[in-house]
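A short worksheet on the structure shown next.
The values are calculated or read from the model by the stated rules, or taken from the named source; none is laboratory data. No experiment lies behind these values; they were computed from the predicted model shown. Here the Cβ is made from the backbone with ideal geometry for all residues, glycine too, and neighbour counts use every protein chain on show. Quick note on the areas: whole protein, heavy atoms, side chains included, nothing else; ligands and nucleic acids left out. Shrake-Rupley method; radii C 1.70, N 1.55, O 1.52, S 1.80 Å.
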Amino acid sequence: MSIVLETRGLSKSFGAIKAVQDVSFALQKGELLAMIGPNGAGKSTCFNMLMGQLKPSAGTVWLNGTNLSGHGPRQIWRMGVGRTFQITGTYASMTVAENVQMALISHNGRVFSILPYAHRLYRDQALDLLGLVGMADQADRHCAVLAYGDLKRLELAIALAHEPSLLLMDEPTAGMAPRERVALMKLTADIVRDRGVSVLFTEHDMDVVFAHAHRVMVLNRGQLIANGSVDEIRNDPRVQEVYLGGGTLFNPAEEGQHA
Ligand code: ADP
Ligand code: MG
């Protein structure tokens, strides 16, 4: 197996808050990896460092063997890292298909101007991608009238238009009904399987995580406290402690070592 994404000692502090502390993990090609943890555990901070939006206080991020230090979001996106946004990033005034076509045009930018039938071509590709996420029948609707769950599926199609090798999904199912959550993650799992894309995602709903993730990492108070298979994580007493509220894993003595 080949490693697509790797972090080594990744850390981020905001003043006195150690949001992420010494997090090291690797994501394999074709892997659907969940990052879970209570609110404030540091998940979004981790994602923002992976996407180049936040500069780490310490540690490094490696994408296919390249150190991403000093790379901005745009550069990282161009290197094949796609993302879905917690707040949906679509154009309400355009149709579903047009939104995907925009993404395809942006992805194929230079070629677009010289292809005589580019509009048709991108329309067909857009419809293919919409078919993949189960949205083909809504291609000509305006985004403004879409249900929330459909917007999230459209967002996935837009992310896929850039042919990412790695997709970062921070709470992709936030605001969705339970049945929609399971459906979106099932869809994501199918895409991982069929396209060989690697996915790192966060998710609150443990049923969704345990049903679809290949592997699960648990963050608590900025630290990676577990990293293993679904069964290992389910049966890990430290993870149960965090999720069942049976006391705190926070160890002030340990925290001092990271000062
Ligand atoms: P999660 O996504 O797991 O809920 P976050 O990464 O959003 O956690 O937050 C981790 C910790 O870092 C929290 O204590 C949060 O308040 C803090 N934090 C996150 N972003 C900032 C910021 N820009 N400035 C100050 N503190 C922040
Ligand atoms: Mg978050």
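Some observations on this one:
- Selected residue [touching a Lys or Arg at 6+ places or on another chain (Cβ under 9 Å), under 23 Å from HIS107 (Cβ atoms) and of a type outside the set (Phe, Trp, Tyr)] from MET79, MET51: MET51
- Single condition ARG74 does not satisfy, out of (1) more than 30 Å from ASP231 (Cα to Cα); (2) of a type outside the set (Asp, Glu); (3) within 12 Å of ligand 1 (Cβ to nearest atom): (3)
- Test for VAL208: is it open to solvent by less than 10 Å² (accessible area, probe 1.4 Å), under 25 Å from VAL61 (Cα atoms) and either of a type in the set (Val, Ile, Thr) or in the same structural domain as SER24 (by TED's automatic domain parsing) (or both): no
- Complete set of residues in the stretch 39-75 that are open to solvent by 40 Å² or more (accessible area, probe 1.4 Å), within 16 Å of ligand 2 (Cβ to nearest atom) and on the phi > 0 side of the Ramachandran plot: GLY40
- Breaking point among (1) in contact with an Asp or Glu (Cβ under 9 Å, 6 or more places away or on another chain); (2) more than 16 Å from ligand 2 (Cβ to nearest atom), for ILE36: (2)
- Within the stretch 4-38, the set of residues being surrounded by fewer than 15 Cβ atoms within 10 Å (Cβ to Cβ) and basic (Lys, Arg) is empty.
A quick yes/no check of all residues on (1) in contact with a His (Cβ under 9 Å, 6 or more places away or on another chain); (2) closer than 24 Å to LEU132 by Cα; (3) modelled with pLDDT under 95:
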residue	(1), (2), (3)
GLU6	no, no, no
ALA19	no, no, no
ASP22	yes, no, no
LYS43	no, no, no
TRP62	no, no, no
LEU68	no, no, no
PRO73	no, no, yes
GLY80	yes, yes, yes
ILE87	no, yes, yes
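- Contacts under 9 angstrom Cβ, first residue in the stretch 181-199 being within 16 Å of GLU31 (Cβ to Cβ), partner of a type in the set (D, E, K, R) and surrounded by 22 or more Cβ atoms within 10 Å (Cβ to Cβ), 6 or more apart: MET185/GLU203
- Of all the criteria given as (1) open to solvent by 30 Å² or more (accessible area, probe 1.4 Å); (2) in a strand (DSSP E or B), the one not satisfied by ALA183 is (2).
- Residues within the stretch 220-259 that are part of a loop (DSSP other than H, G, I, E, B), of a type in the set (S, T, N, Q), modelled with pLDDT of 50 or more and open to solvent by 50 Å² or more (accessible area, probe 1.4 Å), tallied: 1
- Hits in the stretch 147-180 (condition: away from ligand 2 (no atom under 16 Å from the Cβ), assigned to a loop (DSSP other than H, G, I, E, B) and open to solvent by 20 Å² or more (accessible area, probe 1.4 Å)): ALA147, HIS162, GLU163, SER165, ALA177
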